[in-house]
There are 2 protein chains.
Amino acid sequence: MDDISTEADPYLPYDGGGDTIALQELPKRGSNYVMSNGGGVMSSTTHLLDFLEEPIPGVGTYDDFHTIDWVREKCKDRERHRKINAKKKESAWEFTKSLYDAWSGWLVVTLTGLASGALAGLIDIAADWLNDIKEGVCLNAMWFNHEQCCWGSNETTFAERDKCPQWKSWAGLILGQEEGPGSYIMNYFMYIYWALSFAFLAVLLVKVFAPYACGSGIPEIKTILSGFIIRGYLGKWTLLIKTVTLVLAVASGLSLGKEGPLVHVACCCGNIFSYLFPKYSKNEAKKREVLSAASAAGVSVAFGAPIGGVLFSLEEVSYYFPLKTLWRSFFAALVAAFVLRSINPFGNSRLVLFYVEYHTPWYLFELIPFILLGVFGGLWGAFFIKANIAWCRRRKSTRFGKYPILEVIFVAAITAVVAFPNPYTRQNTSELIKELFTDCGPLESSQLCQYRSQMNGSKAFVDASPNKPAGPGVYAAIWQLCLALIFKIIMTIFTFGLKVPAGLFIPSMAIGAIAGRIVGIAVEQLAYYHHDWLVFREWCEVGTDCITPGLYAMVGAAACLGGVTRMTVSLVVIVFELTGGLEYIVPLMAAVMTSKWVGDAFGREGIYESHIRLNGYPFLDAKEEFTHTTLAREVMRPRRSDPPLAVLTQDDLTVEELQGIINETSYNGFPVIVSKESQRLVGFALRRDITIAIENARRKQEGILLTSRVYFTQHAPTLPADSPRPLKLRSILDMSPFTVTDHTPMEIVVDIFRKLGLRQCLVTHNGRLLGIITKKDILRHMAQMANQDPDNIMFN
Amino acid sequence: MDDISTEADPYLPYDGGGDTIALQELPKRGSNYVMSNGGGVMSSTTHLLDFLEEPIPGVGTYDDFHTIDWVREKCKDRERHRKINAKKKESAWEFTKSLYDAWSGWLVVTLTGLASGALAGLIDIAADWLNDIKEGVCLNAMWFNHEQCCWGSNETTFAERDKCPQWKSWAGLILGQEEGPGSYIMNYFMYIYWALSFAFLAVLLVKVFAPYACGSGIPEIKTILSGFIIRGYLGKWTLLIKTVTLVLAVASGLSLGKEGPLVHVACCCGNIFSYLFPKYSKNEAKKREVLSAASAAGVSVAFGAPIGGVLFSLEEVSYYFPLKTLWRSFFAALVAAFVLRSINPFGNSRLVLFYVEYHTPWYLFELIPFILLGVFGGLWGAFFIKANIAWCRRRKSTRFGKYPILEVIFVAAITAVVAFPNPYTRQNTSELIKELFTDCGPLESSQLCQYRSQMNGSKAFVDASPNKPAGPGVYAAIWQLCLALIFKIIMTIFTFGLKVPAGLFIPSMAIGAIAGRIVGIAVEQLAYYHHDWLVFREWCEVGTDCITPGLYAMVGAAACLGGVTRMTVSLVVIVFELTGGLEYIVPLMAAVMTSKWVGDAFGREGIYESHIRLNGYPFLDAKEEFTHTTLAREVMRPRRSDPPLAVLTQDDLTVEELQGIINETSYNGFPVIVSKESQRLVGFALRRDITIAIENARRKQEGILLTSRVYFTQHAPTLPADSPRPLKLRSILDMSPFTVTDHTPMEIVVDIFRKLGLRQCLVTHNGRLLGIITKKDILRHMAQMANQDPDNIMFN
C-alpha cells in the first residue's frame, strides 16, 4: 500500500524463452528475495496494485449465462476490504464509511427479512381472499374472506362457524337461494369461471411481463447460487409479477403451492436490496451470500420454521455457505418470521401454517406403518420425478409447448371441473392439510371425526374422540379422500412445469397427508376391532386413545415431500417446528429416511436436480459423489481429434495475431505460455478481458497499431527501433491459474472445482502445459459417464 | 479393474531429462491417447492399480502428531468403495459384505449415540449421588441421592420436600444432632474432606492412567477433526478414566462442568466403535465423519438439545462436514437424546437439563437490559480468556506446573472452604442455574421468591408471584448471589486448565445466570417502584407480571457462554431447545450477538482457539479470514538464507544417495523432478513411504544393493550391463501433487489448504519447481503476521 510496492520486483526479471536459469541458484541471486521479515509483506502487493492502479472499466465483470470465478471474486472482496480498512483512520468520514461497510451485511439481511415477511403476509392474505371469491362474497365488506366475514357475526354458533348470513355464495347472490340443484350448478359454474379467469390472468401476466416468474424458481436459484449468472431472474419485474401471479395461481385452484415460489420472492428481495450496498452489488460471490440468507427467510415464512429455513438453505439450495452466512441466514429467517407473525395472516397468532398439538405418544409397533408410509413417499417421489420430467421433455420437444396459455387454461379447467364436487379437493390445499393433520377432539366438527360413540351406538357425531368404531361420515370421507388422492397425483404431474408460479411442497404434502390419514384410520380401526392381537394388546388398552390418525398424516406428508425433494434434516426440522415436540421426531425421521432410500433406488436426483438437468444449467452438485476412475488427461481438451490448444505466448504476439486468435476461436480464455517450444505456463487471460483491454488501449493509448507487440511480462521485450509502441497486458493476466497434473484422478479435480468454485483449470505434465478442463467439460464428462447425452449442457 | 488396465500406458513413454518433446505434437503421436469413449475409462486406472497391486504394508499410514492428507484419504475410500461395488455381483457373500459396508455408517453412529446416551445418564446419576455424599447419606439406601432418598418418605410436606428423616447429614450421623454450631462445623469439615478426597482421586487417576483425560477436550477434538493424529486421545483408557474422573471432579465441587467433557466422552465412543468397521478404522478422513457425529451426540446429551448439538458440531468443532455427516450427526444426536431420556436421570421425564416455561412475553424496552447483559458477557469472555491463558502459560513455563496434584488439591481446598458458607455456591452448579432460570410461581419455596404480598405487607413468603416489592429474603439472596458471582469468576479462571476433566459451559452459564438474575430483579423492582416512568407506563400496568427475572438469567447465561466460546447460532438453538418457545429467540440473539461483538473487539479467538494456540496444535481455523497480501513465494521454503530445496530426481539416484538425502534432512516429503537442470516437477514422495518401501524391497526383492538405481518413472532407465537390479518406486509417488504459482496470493493458498485439507503444496514459477509450502509454514506465517511468536507451532 506504500511507495515501495509499485517498484518493479527485482526477483522477477524478464523471463525469456530460454531454459537456462538453474533454479537452485535463485535464492543466491536475489538478495531481495524476501526483503526482510517485516518489510517483505508490502513488496508482495506488486501485481495486485498493478491491477488496481490502472483499472480498465469492465474487466472482471461477467456476461449473461456465464459462470463466475469464486476465487477471483473473493480476492476482489478482500482487496476492497483492505482498501477501506487502510483508509479508515484518515478521517471521520472514512471511518463512518468503514462502519457502514461492516454493517451493510446485517442491514441487507434485515431488509430482506422484513420485505420477505411482509410480502409473504400479503400473499397469504390476498390468496385467501381470492380463493374464497371463487365460492362467494362477503356482503358487508368485499375485502373480507369467508372466515373473517363470519367473525363479526353474532348469529353463528361455534359448530356452524362457517355459515353466516353476511357471506353469500354466488348462487345465493344471483339466484337468491343457497340450497337446491340449481344453486349447486350456479356455484359450480362460478367456481369454474373464476378459476379459469385467475389462471388466464396469471399466465398472461407471466408471458407478457416476466417469463422468469414461472415455476417454483428453486432449480434456477440453486444454479445461480452455485455461481451462474442469469440476469433479470431476481429482478424487480420478476418480483412484482411473481407476487401477483402467485396469488392468482393459488386462487385458481390448480394443484400447486405458494411455498416454493416464496423462496424465489425472498431471493428477489435479497437481490434488489443488495444493490443498495456496493459491497454486495459489485461482487457476485458476496451477493450469493445474501441470496443464501434470503432463501432461508423464504422457507422461514413459507412454513413458519426459521431453523428449518436455515437448514434448507444449507442442505438444499446453497453452494458456498460460510459460517458468517449461517448466522446471517438465521437472522434473516427470524426477522422474516416475526414480521409475518405481526401480520398474523392465519389469524391464530402462530407463526406456523399447520400448527398441531398431539396428546398421545406413539408406540413402537407404529413404526411399521410409518415406514410403509416412507416407502409410499419414496415410490411417489420417484414416480412423480420420472413422469413430470417425461412430460416436461415432451413439452419442450413438441409443438405442444408453443401454446403455454392454452395449456394452463386447459389444465385449470380440468382441475376446476373435477375438483368442485369433492369437498376435499374443492377446499384450499393448505386447509386440507391442516384438517388432515388435526387430531379429532371434542370440538372438531369435521366429517373425518364422526365416530360412533360406544355408549349408545348412535350414528351422529355424539362422540368425536377417536379409537371408536368409525361412523358413516368417516367411511364417506375415506372414499372422498381416495378420489382426492388419485386426482392430486395426476394433476400435480401436469401442473408442475406450467408457465405459472407453481410450488411443489403443498401438493406433495397433501398427497402424503391424504395417504397417511387413510393409513392412520385403517390402523386405528384395526386396533379397535382386533385389540386382542399381540401388537395391540401390549400397547393399546381398550378405551384409551392409542392411535393418532393426524400423526400419520403428518408423517405421510413428510415422507412424500422427502421423496420428491430428497431433503432430509431440513425437512425433519421443518416438520418438527410445526409440532414443536421432540416426541415425534423418530417417526418422522424413520419415514423420511425410508422415503429417501426408496427414492434413491430409482434415481438419485431430486425433482430440482432433474429440472436443472432438463434445462441444461451448468450445475455441479456438491452432493453427488464422483465415483469413476478417469484421469484429468482423459477429460481435458484438446481431445485426440481436436486442433491443438489455443495458447498465447507471453511476448511475441502482435495485436493483429492476438485478435486473430480471439476471432478464430470461441473459448472464454487462453493460457499464456513462455514460448511455443518450452510450453511452460505463465498465466491465464480471459477472452472478455483481452477484448476490453485492447479496445480500451486503442481509445486511450496513442500509437497502438495492429502491428504493436503485445506482452504479458513485467518489462517490455527489446524491439527493433522502428516498431510501434508495444501494448502491456500484464494487468489482465491471472498469474495464479489453477493447475493439475495430467495424472490427477478426476475425483480430485471435481472436488477442487466444487470446493473452490473454479471456472477452469489447466492441465500440465512434468511442468508443461497439456490442456484445459472447464466446468462444462466436467459436466459433459459426468453426463457421458452416466450414459446421458452430454450435449444437453448448454451454457458455459 | 480388468486386464488391460495393468498394461503400461503408451501415452507416457519414459520421459528423460531432455526438453525436446514439443507438446503440441503429443495428440498426434498417441493414438491410444483416449482409447475410445467407452474403454477410455478403464485405461486410466493404471497408476492407481500400480499402487494397489503391490501394496507395501505401512504405506499410506501416519505417524503420531502428524497431519493427514484429506485428499489422499478420500481417494483411498472411493477406491475401496469401487472395489466392493465391483465384487458385489460375484456372490451372495460379497453382496452381503457390500450391504454391511453401506450400512456401517449408520450402524456406527447408532452405536455411538446409544453409548453416549447411556454414559451420559450414568455420569449424571453418579455425579448427583457423589455430590450429595458431601452433605450426608441416605440411611435406608446408600445408593440414593438426597432427592431420591426423600421421594419415598411420607413424612415430608411439599414445601419441605428436601427434608426427610431418612436423609442424615454427616453431623446428624456422627454427632447425632442436625442443628447447632457444632454440627455446622462438622458438616463443613466433612464437606471439605469429601471435596478434597474426590479431587485427589480424580487427579491421581488422570495422572497415573490417562493424562489425555484432563481438561474439556474440545480444543484437542477440534484439532483432531481438522486432520491431526493424536494417538490414544480417543482411546478406551481415556474413555474409562475420563468417565470416572469426570464424576469425581464434578462431585468435588470445583468450579467446572461436565458438559464439555461429555463431548470428549462421546468422541471416544465414536472412535472405539469405528474400529468395528474397516471402512472407518482404516481411513482417517472417514473416521473424522464419525467423530463429527459423535460430538453432536455429546452436546445433545449434555443439554438435551439434538438440533443444537448438530449445529454445535457444524459451527464449532467440525472441519470437514459433508451433508451425509449432517444427516448422521442428527441421527446420532437423536439416538443419544432418547437413550438419555429413557434413563431419565433428572427425574422429570424431560430431555432437557434446565427445562423452563415462562408465561409472560417480553417487551421491547427490555432489549436494553438484555443488550447490557450481552456487553457483560462479552467483557467477561474477553477477560476470562486473557486471564486463563495468562495463568495457563505461567503454569506451562514455570516450576509451578510440575505439581499438578498439589495444585488441584489446593484449588479444591480453597473452593470448598469458600463455597460451603454460601448456599448458592455450596449447591450443585447445575441446580443453581436451574433455580436462577426458574420463574417465581406460587409453588416456589426458594429464597429468591420471597416477595412481600401487596395485601398485608407481611414479611413471610405469603405471595410468591413476582412484580411485588422484594422481601428481605430476596435482598439477602442478592447479596449472596453477588458474592457467588465474584467467587465463581475467580475460581473458574484458576480451575479451567487443571489436570482434571473440566468443562466450561456450566461455570460460564452460572456466572451469566447470576448476573442476569440480579439485573432481572433490579429491573423488576425498578418497574414496581417507578411504574410511572415512560418505559414502564406503556408496557407494565400495575398489578400485572411484566418482568420475568428468570428470563434475564437465561439471557445472561447465553451471553456469558457466547462471550467465552464465541458460538452463535448453535448457542441460540441450544437455549431455544431448553425453553421450547420461539418467543424468546430475539432477546437471546440480541444478547449473544452483542456478546460476540464485544468479545471480538478484545480478541477474535474463543477460549478453545486460544487453548489450541497455547498448545501449539497445527490448527488452521476455517473461521478466521486471512487478510494479508503476501504471495506464495514469500511463505514458501527455502527462504533466502536456507539451503536449496531437497529434491529427488526421477531416475538418476542410487539407493545410497536416496538414503543420504533422507538421513540428512528432516522433511516429511520430497518433490521429485525430471532433472536438476530443468527443475520440472514430476511428483511428490513422502519420507515415511520411501523408508518403508526401501526396507520392504531389501527384505523381499533380491539384488537390491546400496548402488542400485532408484527410479520413479514408468520404465527402468537404460543402465550399464553390470549394474545391480534397479528399484522401482513409482508406486509410492504421488503423481498429482498440488501446485500453485509463486505469484498466488496467500489468501488463495490458505483457502486451498482449508478447503481441500492439504498437508503441503509445491510452488512453481513458469512451470519450474521453486519451493514448498506446508501447513506448518502457513501457520507460522499467520502467527508472524499477527505479531505472535511463530515458534510455538510445535507439530507438523
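Before moving on, here are some points about what is shown:
- Using the Cβ-Cβ distance between B:Leu122 and B:Ser397 with R0 set to 56 Å, the FRET efficiency from 1/(1 + (r/R0)^6) comes to roughly 0.90.
- Distance between modelled label sites at B:Tyr529 and B:Ser641, nm, 7 Å Cα→Cβ extension: 6.8
- Stokes-Einstein diffusion coefficient of the protein assembly as shown, Kirkwood radius over Cα pairs, 10 °C, 1.306 mPa s, in µm²/s: 44
- Net charge dipole size for chain A [Lys, Arg +1 and Asp, Glu -1 on Cβ; Debye, nearest 20]: 1280
- When B:Pro644 is represented by a point 7 angstrom out along its Cα-to-C-beta vector, the spacings to that point in the other copies are 3.1 nm, nearest first.
- Radius of gyration and Dmax over the Cα atoms of chain B, both given in Å: 31.8, 115
- Measuring gaps between exposed loop sites in chain B (chymotrypsin sites (Phe, Trp or Tyr not before Pro); DSSP loop; at most 12 other Cβ atoms within 10 Å), the longest gap, sites not included, is B:159-796.
- In a simple Cβ point-charge model (Lys, Arg +1; Asp, Glu -1; nothing else charged), segment B:713-773 has a dipole of about 220 debye relative to its Cα centre.
- Over the protein assembly as shown, DSSP H runs of length four or greater, each weighted -39,500 (n - 2.57), average out per residue to a 222 nm ellipticity of -17000 deg cm²/dmol.
- Chain lengthening between A:Leu323 and A:Trp597 when straightened (0.36 nm per residue, less Cα-Cα): 95.7 nm
- Computed from label points 7 Å out along Cα-Cβ, the spacing between B:Thr718 and A:Glu664 is 3.8 nm.
- Formal net charge of residues neighbouring B:Gly58 (Cβ-Cβ distance under 11 Å; K, R +1; D, E -1): -2
- Residues B:Ser570, A:Ser183, A:Ser91, sorted so that the one with the fewest Cβ neighbours within 10 Å comes first: A:Ser91, A:Ser183, B:Ser570
- Less than 5 angstrom separates the built amide H of A:Gly771 from those of A:Val763, all sequence-distant by 5 or more or on a different chain.
- Angle in degrees between helix A:775-785 and the longest Cα principal axis of chain A, rounded to the nearest 10: 60
- Histogrammed with a bin width of 5 Å, the alpha carbon distances of segment A:512-650 distribute as 2, 8, 12, 13, 13, 11, 9, 7, 5, 5, 4, 3, 3, 2, 1, 1, 1, 0 percent, first bin at zero.
- Assigned charges on the beta-carbon of Lys, Arg, Asp, Glu; segment A:99-343 dipole about Cα centre (debye): 1140
- For B:Ser91, the distances from its label point to the matching points in the remaining copies are 8.3 nm, ordered from shortest, with each point set 7 Å beyond Cα toward Cβ.
- Near B:Val203, once Lys and Arg are set to +1 and Asp and Glu to -1 for all other residues with Cβ below 15 Å from its Cβ, the sum equals +4.
- To the nearest ten degrees, helix A:367-397 and the longest principal axis of the Cα atoms of chain A are 60 degrees apart.
- For A:744-757, mean number of other protein chain Cβ atoms within 10 Å: 4
- Look at the dipole of the protein assembly as shown built from charges on Cβ: of B:Ala141, B:Ala127, B:Ala333, the Cα furthest out on the positive end belongs to B:Ala333.
- Ratio of the Cα radius of gyration of segment B:632-792 to 2.2 N^0.38 Å, where N counts its residues: 1.14
- Peptide B:338-345 has a mean of 1 when you count, residue by residue, the C-beta atoms of other protein chains within 10 Å of its C-beta.
- With coordinates expressed along the principal axes, the C-alpha atoms belonging to segment B:144-272 extend over 58, 29, 20 Å, beginning with the largest.
- Position A:His359, label points 7 Å along Cα→Cβ, spacing to each other copy in nm (shortest first, one decimal): 2.0
- Alpha carbon Rg of segment A:99-343, scaled by the compact-globule rule 2.2 N^0.38 Å: 1.17
- Along the axis of the charge dipole computed for segment A:95-225 (Cβ charges of +1 for Lys and Arg, -1 for Asp and Glu, origin at the Cα centre), the listed residues A:Thr110, A:Phe95, A:Trp194 are led at the positive end by A:Phe95.
- Take the Cβ atoms of B:Lys89 and B:Glu657, set R0 to 60 Å, and the FRET efficiency comes out at 0.80.
- The stretch between B:Phe383 and B:Tyr193, if pulled fully straight at 0.36 nm per residue, gains 65.2 nm over its current Cα-Cα span.
- For A:Leu139 and A:Leu240, a Förster radius of 30 Å and the Cβ-Cβ distance give a FRET efficiency of 0.40, rounded to the nearest 0.05.
- Qualifying lysines (Cα of each under 21 Å from Cα of B:Lys499; at least 8 residues distant if same chain): B:Lys207, B:Lys222, B:Lys236, B:Lys242, B:Lys258, B:Lys386, B:Lys396, B:Lys402, B:Lys488
- Listed from fewest to most Cβ neighbours within 10 Å, the set A:Arg699, A:Arg725, A:Arg566, B:Arg231 follows the order A:Arg699, B:Arg231, A:Arg725, A:Arg566.
- Two-site label geometry, A:Ser342 and B:Tyr275: point separation in nm, points 7 Å out along Cα→Cβ: 5.8
- Average Cα contact separation per residue, chain A, under 8 Å, 6 or more apart, as relative contact order %: 14
- For chain B, the longest principal axis of the alpha carbon atoms and the long axis of helix B:284-303 meet at an angle near 0°.
- Normalised by the number of residues in segment B:364-615, the mean separation of alpha-carbon contacts (under 8 Å, six or more apart) gives a relative contact order of 31 percent.
Just so you know, all these numbers are worked out from the coordinates, no wet-lab data involved. Because the structure is predicted, anything quoted here is derived from the model rather than measured. Here Cβ is always computed from backbone atoms with ideal geometry, including for glycine, and neighbour counts include all displayed protein chains.
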